[in-house]
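Comments concern the structure below.
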Amino acid sequence: MAHAHSSDTAQHDDHHDQPATGIKRWLFATNHKDIGTMYLVFSLIMFFIGGAMAMIIRAELFKPGLQLVDPVFFNQMTTNHALIMIFGAVMPAFVGLANWMIPMQIGAPDMALPRMNNFSFWILPFAFTLLLSTLLVPGGMAAGGWTLYPPLSLQTGDSFPMLIFAIHMMGASSIMGAINVIVTIMNMRAPGMNLLKMPLFAWSWLITAYLLIAVMPVLAGAVTMLLTDHFFKTSFFNAAGGGDPVMFEHIFWFFGHPEVYIMVLPAFGIISEILPTFSRKPLFGATSMIYAIASIAFLSFIVWGHHMFADGMPVAAQLFYMMATMLIAVPTGVKVFNWTATMWRGSLSFEPPMLFAIAFLFLFSIGGFSGLMLAIVPADFQYNQTYFVVAHFHYVLVPGAIFGIMAGVYYWLPKWTGHMYNMTLAKWHFWLSAIFVNVLFFPQHFLGLAGMPRRIPDYAVQFTDWNMVSSIGGFAFGLAQILFPMIIVQCIRGGKKASSLVWEGTHPTGLEWTLPSPPPYHSFTTAPEVP
Amino acid sequence: MNAQTSQIRDALMKRRVRKGALGLAMLALAFYFGFIALLVLHSRH
């Protein structure tokens, strides 16, 4: 339902077409670019905080035995590393990219609900300050794992209500962001831009936003019930009171599995923008890409049981979840095939966004394959709770989601700032990241297959060598990430002027490339006509 | 659209955006309370 802009909507108050100055610009920001920038900066800060926790984990696991931190603190680090990376780094980064790019890609002047946009961002710093401040309360941070399984999570100390409130705030922020994306795309597309003409990044976000609206309230409901179990003597999940702890797992993973796709589908969209640009060919099977994303989103709702095979469930349920999970490989295979076919016989060039996109393609596929192994019920009984699972989901989330975000930032950064960044440094960032992410996570497959359990600060001596390799990879990967903000800051300050096309000699299709670099404060003064 | 506040001025679009946003917010609330209600029913059996 493409709705043309009325001329009134597209008009601007020319004399006000400037950002406010000072702190007010950011506190009261309603401009999609300003809010997008704040989301991206926030997520980068959270990426380094979550990364620091990962460094503590890898430092402790460098050698067997307990040397640096006590086991409770180690568990606090694993729990909060996950919460911060998922809700603080990856999700806000994609919302930031959505804020920056969706209005520019669909030819809208701004997001449809700018004040709500401001509110949904400004909730986040409070949510994460609350979460991080639990480090200072008696009993420390939550340590029962990011999955918050009862009864373990109910033993959390004074930080428990703070954690639950922080999760509620993160959820509210995500839901508001998702509502904004949907109403913007459905109502503010430029005349002539029907849904099938819409860029793949906007498409992937439209589907992701529906996923968010469906599952974030489910997580909020589950943690509300945990809260009432903890403080108001209800027994939703307390077996002693007639409750069912396994029910929490069902509800959690009804949220948790689509959450994985919430973190990956926008990356699919970004990769689908970058590969055609640097292959100098249109995206192969663009319509099938949209159907594939929609199929993956649908299937993500019916596979949650594969996280719970080892809990025990009827064989029929095991078979259903196993087969439904394997079915996801079909639309994912369509996407990987289409990306490969897009590059086939293209005039490829290897700028940093393309390098990250190609690494995404290979390394995300490794995560996908190990996911298929985990989907096999009898095999899962062996892999469950081992480092194989850790290796699997880190391959999906680091070279998957995070490389997707980095590819997107390197792709659009010259458009945002009007300057080209330091290509040599960015290539260094890529090669160090791509090499050391494998040194970090690939050995974890071997550790898991050899039986090393996850979420432990100590391990048997036979796991020493691969843990050392993994930790060295972790430290090197962490150090390499320092290049990322350096390159960004350098690019904001100056550099070679970027043209409106940015990537000369390519033929990208989105409307953002019709705007100058950097784009005006409000993207389109008159609604563009899409032929 | 006002550049300082980014507010949409077109009344028709404003109504459509508001209706869409309210509908989606209701959907989210339905999921939230719906799952809690399901669990309350489950815990009674």
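The values are calculated or read from the model by the stated rules, or taken from the named source; none is laboratory data. Keep in mind that what you see is a predicted model, and the values were worked out from it rather than measured. So basically every Cβ, Gly included, is an ideal-geometry build from the backbone, and we count neighbours across all protein chains shown.
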Exercise. Considering the stretch A:278-309 alone, what residues qualify as being of a type in the set (S, T, N, Q) and outside any helix (DSSP H, G or I)?
Worked result: A:SER300
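Residues are listed down the side, and each one gets a yes or a no for (1) touching a residue at least 24 places away in the same chain (Cβ under 8 Å); (2) closer than 16 Å to A:ILE271 by Cα; (3) in contact with a Gly (Cβ under 8 Å, 6 or more places away or on another chain):
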| position | (1), (2), (3) |
| --- | --- |
| A:ALA329 | yes, no, yes |
| A:THR332 | yes, yes, yes |
| A:LYS335 | yes, yes, no |
| A:PRO353 | yes, yes, yes |
| A:PHE364 | yes, yes, yes |
| A:VAL377 | yes, no, no |
| A:GLN385 | yes, no, no |
| A:ALA391 | yes, no, yes |
Exercise. Would you say A:PRO531 is within 14 Å of chain B (Cβ to nearest Cβ) and surrounded by fewer than 16 Cβ atoms within 10 Å (Cβ to Cβ)?
Worked result: no
Exercise. Here are A:PRO217, A:PRO150: which of them is out of contact with any strand residue (DSSP E or B) (no Cβ under 9 Å at 6 or more places or on another chain), within 13 Å of chain B (Cβ to nearest Cβ), part of a helix (DSSP H, G or I) and in contact (Cβ under 8 Å) with a residue 24 or more places away in the chain?
Worked result: A:PRO217
For this session: Filter the stretch B:7-28 down to residues that are facing chain A (nearest Cβ under 7 Å) and under 14 Å from the mean Cα position of the chain (by Cα) and give me whichever is nearest to A:PRO245 (Cα to Cα).
Result: B:ALA28
Problem set entry | Hey, A:ALA172 crowded, with 22+ Cβ neighbours inside 10 Å, touching a residue at least 40 places away in the same chain (Cβ under 8 Å) and small (Gly, Ala, Ser) or not | no
Problem set entry | Options A:THR228, A:THR208, A:THR224: the member that is assigned to a helix (DSSP H, G or I) and farther than 15 Å from A:SER153 by Cβ | A:THR208
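For every residue, the table says whether it meets (1) surrounded by fewer than 22 Cβ atoms within 10 Å (Cβ to Cβ); (2) within 12 Å of chain B (Cβ to nearest Cβ); (3) on the phi < 0 side of the Ramachandran plot.
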position: A:VAL181; (1), (2), (3): no, yes, yes
position: A:THR208; (1), (2), (3): no, no, yes
position: A:THR224; (1), (2), (3): yes, yes, yes
position: A:ASP244; (1), (2), (3): yes, yes, yes
position: A:HIS250; (1), (2), (3): yes, yes, yes
Problem set entry | Test result for A:VAL181, touching a Pro at 6+ places or on another chain (Cβ under 8 Å) and either modelled with pLDDT of 95 or more or of a type in the set (A, V, I, L, M, F, W, C) (or both) | no
Exercise. Considering the stretch A:183-192 alone, what residues qualify as being surrounded by 24 or more Cβ atoms within 10 Å (Cβ to Cβ) and away from chain B (no Cβ under 13 Å)?
Worked result: none
Seminar exercise, completed: Within the stretch A:20-78, the count of residues that are assigned to a helix (DSSP H, G or I) and closer than 27 Å to A:MET486 by Cα comes to 34
Exercise. Given A:ALA93, A:ALA54, which one is touching a His at 6+ places or on another chain (Cβ under 9 Å) and either at pLDDT 95 or above or of a type in the set (Lys, Arg) (or both)?
Worked result: A:ALA54
